[in-house]
Amino acid sequence: EWRLIRAGTVVIDAAPDSGRIKLDSAGLVSALFKIDDTYTVHYDPGRCATDSLLDAQEGKRHRETKITFDRSQNKATYLMRDLRANAVLRQDQIDIPNCVHDVLGALLMLRGARLEPGRSASFPVSDGRHAAQVKVDAQEREDVSTAAGNFHTIRYEAGLMNGVVYPRSGRVQMWLTDDARHLPVKILVRMGFPIGNVTLELAKEEQP
């Protein structure tokens with residue numbers, strides 16, 4: 001949901017050694033700016049990222065971003081290409097910890113951390129261009145209602161933005177069920193003008 005408009009659908013698939021996010025715009029958002037993004041990532045044990053690929057078709061652009069996390073050299077290599085023009089748009093290499101998480105991997109690690117309100121934890125996170133220890137605060141218990149039902153949750157806030165990993169100013173809050181599953185049921189990204197707030201709410205859960 002974006003500016004109280006249904007913006008699209010996100011499907012997240014998570015396995016012990018991989019993850020996948022599929023993002024498709026819908027309705028008015030598609031009419032203004034169609035989005036068809038597919039993100040895949042692979043992990044070593046402990047959710048240490050080894051490589052990721054983002055295939056992003058957004059408006060008239062079609063870009064591919066590959067990140068390789070080399071644990072033997074403690075380096076991350078970032079390569080963004082314009083697939084329509086067959087051109088390299090950006091290429092970087094940075095130092096990283098031996099085990100670093102992408103954002104999806106960090107969320108999956110948080111599910112296993114079982115933080116009580118008032119406690120915090122830090123996770124090494126990288127987007128291939130920046131790497132930092134990202135602090136996550138467990139804030140308070142709240143009840144959340146989505147299309148999937150009513151949930152007792154704990155609200156968390158992750159310090160991903162404001163130059164930590166992502167330079168854009170904003171706040172990232174997440175609501176995970178207050179039970180053994182720690183299922184993410186809501187994610188809220190609060191950003192300034194012109195984007196505003198983007199809200200993801202759980203519609204359904206499927207088990208393999």
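Would it be correct to say that ASN86 is at pLDDT below 95 and over 22 Å from LYS204 (Cβ atoms)?
Values: at pLDDT below 95: no; over 22 Å from LYS204 (Cβ atoms): yes.
So ASN86 fails the test.
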Of the criteria (1) under 30 Å from LEU32 (Cα atoms); (2) β-branched (Val, Ile, Thr); (3) open to solvent by 50 Å² or more (accessible area, probe 1.4 Å), which one THR68 fails: (1)
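Surrounded by 15 or more Cβ atoms within 10 Å (Cβ to Cβ) and part of a loop (DSSP other than H, G, I, E, B): does that describe LEU115? Break it down stepwise before answering.
Values: surrounded by 15 or more Cβ atoms within 10 Å (Cβ to Cβ): yes; part of a loop (DSSP other than H, G, I, E, B): yes.
Here the answer is yes, as LEU115 does meet what is asked.
Going by the conditions given, is SER18 of a type in the set (S, T, N, Q), under 21 Å from GLY112 (Cβ atoms) and touching a strand residue (DSSP E or B) at 6+ places or on another chain (Cβ under 8 Å)?
Details: of a type in the set (S, T, N, Q): yes; under 21 Å from GLY112 (Cβ atoms): yes; touching a strand residue (DSSP E or B) at 6+ places or on another chain (Cβ under 8 Å): yes.
For SER18, the condition - of a type in the set (S, T, N, Q), under 21 Å from GLY112 (Cβ atoms) and touching a strand residue (DSSP E or B) at 6+ places or on another chain (Cβ under 8 Å) - is met.
Matching residues to (1) in contact with a His (Cβ under 6 Å, 6 or more places away or on another chain); (2) under 21 Å from TYR39 (Cα atoms); (3) small (Gly, Ala, Ser):
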residue: VAL88; (1), (2), (3): no, yes, no
residue: ASP102; (1), (2), (3): no, yes, no
residue: ALA138; (1), (2), (3): no, no, yes
residue: SER145; (1), (2), (3): no, no, yes
residue: LEU160; (1), (2), (3): no, yes, no
residue: TYR166; (1), (2), (3): no, yes, no
residue: GLY170; (1), (2), (3): no, no, yes
residue: TRP175; (1), (2), (3): no, no, no
residue: LEU183; (1), (2), (3): no, yes, no
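Which of the residues belonging to segment 54-90 are in a loop (DSSP other than H, G, I, E, B) and at negative phi? Steps first, please.
Pass one, segment 54-90, residues in a loop (DSSP other than H, G, I, E, B): 59-60, 71-74, 83-86.
Across segment 54-90, the qualifying residues are LYS60, ARG71, SER72, GLN73, LEU83, ARG84, ALA85.
Condition first: touching a residue at least 60 places away in the same chain (Cβ under 8 Å) and either at positive phi or touching a Lys or Arg at 6+ places or on another chain (Cβ under 9 Å) (or both). Now tell me which residues in segment 20-48 satisfy that.
First, pick out the residues of segment 20-48 that are touching a residue at least 60 places away in the same chain (Cβ under 8 Å): 21, 39, 41, 43, 47.
Across segment 20-48, the qualifying residues are TYR39, VAL41, ARG47.
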Residue within segment 52-60 that is aliphatic (A, V, I, L, M), surrounded by 14 or more Cβ atoms within 10 Å (Cβ to Cβ) and touching a residue at least 24 places away in the same chain (Cβ under 8 Å) present: no
Filter pass, VAL125 being closer than 26 Å to GLU64 by Cα, touching a helix residue (DSSP H, G or I) at 6+ places or on another chain (Cβ under 8 Å), surrounded by 13 or more Cβ atoms within 10 Å (Cβ to Cβ) and at pLDDT 95 or above: yes
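Restricting to segment 1-21, and then to whatever is basic (Lys, Arg) and within 19 Å of LYS204 (Cα to Cα), can you tell me which residue is farthest from the chain's Cα centre (by Cα)? If you could, list the steps in order and put the result at the bottom.
Pass one, segment 1-21, residues basic (Lys, Arg): 3, 6, 20.
Those left that are additionally within 19 Å of LYS204 (Cα to Cα): 6, 20.
Details: ARG6: 19, ARG20: 10 Å.
So the residue we want is ARG6.
Given the residues ASP51, ASP24, ASP36, which is the only one that is of a type in the set (D, E, K, R), in a strand (DSSP E or B) and under 20 Å from GLU206 (Cβ atoms)? Break it down into steps so the answer makes sense when it comes.
On the way: ASP51 fails: under 20 Å from GLU206 (Cβ atoms); ASP36 fails: under 20 Å from GLU206 (Cβ atoms).
Testing whether each residue is of a type in the set (D, E, K, R), in a strand (DSSP E or B) and under 20 Å from GLU206 (Cβ atoms) leaves just ASP24.
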Contacts under 6 angstrom Cβ, first residue in segment 91-107 being without any contact (Cβ under 8 Å) to a residue 24 or more places away in the chain and on the phi < 0 side of the Ramachandran plot, partner surrounded by 15 or more Cβ atoms within 10 Å (Cβ to Cβ) and part of a helix (DSSP H, G or I), 6 or more apart: none
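The values are calculated or read from the model by the stated rules, or taken from the named source; none is laboratory data. All values reported here derive from a predicted model rather than from experimental measurement. FYI the Cβ positions are ideal-geometry reconstructions off the backbone, even for glycines, and counts take in every protein chain you see. These accessible areas exclude ligands, DNA and RNA; they are computed on the full protein's heavy atoms, side chains included. Shrake-Rupley method; radii C 1.70, N 1.55, O 1.52, S 1.80 Å.
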